[in-house]
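Participant: One structure is given below, represented as structure tokens, and several questions about it will come after.
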Amino acid sequence: MSAITVEHLTHVYSQGTPFEKTAVDDVSLTIEEGEFVGVIGHTGSGKSTLIQHFNGLLKPTSGRILVGDRDMWADPKKIREFRFMVGLVFQYPEYQLFEETVAKDIAFGPTNMGLSAEEVQQRVQQAARFVGLNPNKLEKSPFELSGGQKRRVAIAGVMAMNPKVLILDEPTAGLDPRGRDKVLNEIKQYHKTQGNTVLLVSHSMEDVAKYADRVLVMNKGKVAMFDTTEKVFARSEELSAMGLAVPQVSRICRGLAARGLNIDPNCYTIEQAKQQLLALRSGKGADLNA
């Protein structure tokens with residue numbers, strides 16, 4: 001069953017004014033339940049406008065958004081239900097922290113869902129574990145935490161609502177490499193454990209290549225590509241023409257292949273490149289499964 005279905009979605013900002021701009025133009029796509037989808041595109045490509053439709057922050061100018069088999073805007077009075085079903089973590093979400101303690105901040109969403117105090121507490125504990133927060137941090141003020149810890153609290157607050165779809169818009173922006181890896185590994189573990197659909201919006205091709213099963217590429221308000229990670233990054237020339245770069249490791253593999261080495265030029269993760277080089281050393285050649 002599909003998690004999100006988009007049918008001929010168009011969104012026009014400032015319609016009917018001299019500043020009118022079509023940000024999303026007749027987009028149709030289907031995201032399946034349980035997928036981990038990377039969303040990429042240069043600034044102004046329409047990716048942020050698109051994902052803001054998925055939990056009802058924006059209303060389509062035309063077209064439909066279905067969550068499961070339900071039309072999100074069939075009854076505007078019920079839009080709040082969809083915002084619990086599709087959780088959206090904005091870039092720099094720690095700026096939205098406001099409660100006295102970490103636990104209260106994480107509990108804010110589940111509490112507003114009308115859950116019992118016991119259920120809210122269980123969800124707070126579970127979400128804290130997912131993002132690697134030590135239990136002794138729960139009664140501290142979120143403002144006493146480091147930048148990376150604040151980011152985890154903000155992400156945990158959305159996870160605690162147990163949305164069917166979790167969307168993260170540049171969740172590692174501003175973090176150092178170690179903090180970035182920790183957050184992304186925790187998100188991947190959450191996806192593996194819960195089986196929920198995850199959308200990761202990122203400018204880091206390396207992160208998308210490492211974690212996503214499929215990649216959605218937006219360009220000029222339209223879907224330019226939507227395919228498996230391997231097939232998308234194999235189209236490096238087209239990506240470059242859109243102002244996007246393939247992962248660095250892909251460029252290395254392509255360069256080695258161009259120099260005559262028996263290496264698959266379409267490897268896109270460090271692990272694949274490692275396998276390629278080990279296979280080459282052992283004389284097996286370009287077998288990613290070697």
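The values are calculated or read from the model by the stated rules, or taken from the named source; none is laboratory data. As the structure is a computational prediction, the values presented were derived from the model and not from experiment. Using ideal geometry, Cβ is built from the backbone for each residue, glycine included, and neighbour counts are taken over all protein chains shown.
Listed here are the residues, each with its yes/no results for (1) assigned by TED's automatic domain parsing to the domain that holds Gln52; (2) buried (at least 20 other Cβ atoms within 10 Å of the Cβ).
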{"site": "Lys182", "(1), (2)": "yes, no"}
{"site": "Ser202", "(1), (2)": "yes, yes"}
{"site": "Met205", "(1), (2)": "yes, yes"}
{"site": "Met218", "(1), (2)": "yes, yes"}
{"site": "Lys222", "(1), (2)": "yes, no"}
{"site": "Phe226", "(1), (2)": "yes, no"}
{"site": "Arg254", "(1), (2)": "no, no"}
{"site": "Cys267", "(1), (2)": "no, yes"}
{"site": "Ile270", "(1), (2)": "no, no"}
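Residue by residue, here is whether (1) within 30 Å of His11 (Cβ to Cβ); (2) outside any loop (DSSP other than H, G, I, E, B); (3) without any contact (Cβ under 8 Å) to a residue 40 or more places away in the chain holds:
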site	(1), (2), (3)
Ser240	yes, yes, yes
Val246	yes, no, no
Gly260	no, no, yes
Cys267	no, no, yes
Glu271	no, yes, yes
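Participant: Among the residues of region 181-204, count how many are within 10 Å of the chain's Cα centre (by Cα) and assigned to a loop (DSSP other than H, G, I, E, B).
Facilitator: Looking only at that region, the number is 1.
Participant: Among the residues of region 98-139, which ones are in contact with a helix residue (DSSP H, G or I) (Cβ under 6 Å, 6 or more places away or on another chain) and in a loop (DSSP other than H, G, I, E, B)?
Facilitator: Passing the criteria: Glu99, Met113, Val131, Gly132, Leu133, Leu138.
Participant: Considering Glu186, Glu230, Glu206, which residue is free of Cβ contacts under 8 Å to residues at least 40 places away in the same chain and among the acidic types (Asp, Glu)?
Facilitator: Glu230
Participant: Residue by residue through region 32-57, note down the ones that are touching a helix residue (DSSP H, G or I) at 6+ places or on another chain (Cβ under 9 Å) and either of a type in the set (A, V, I, L, M) or closer than 14 Å to Asp169 by Cα (or both).
Facilitator: Within region 32-57, Phe36, Gly38, Val39, Ile40, Gly41, Phe54, Asn55, Leu57 qualify.
Participant: Hey, another quick one. Evaluate the following for Lys192: is it surrounded by fewer than 19 Cβ atoms within 10 Å (Cβ to Cβ) and in contact with a strand residue (DSSP E or B) (Cβ under 8 Å, 6 or more places away or on another chain)?
Facilitator: No: the conditions fail for Lys192.
Participant: Hey, another quick one. Could you check region 66-119 and list, in sequence order, the residues that are over 18 Å from the mean Cα position of the chain (by Cα) and β-branched (Val, Ile, Thr)?
Facilitator: Matches in region 66-119: Ile79, Thr101, Val102, Ile106, Thr111.
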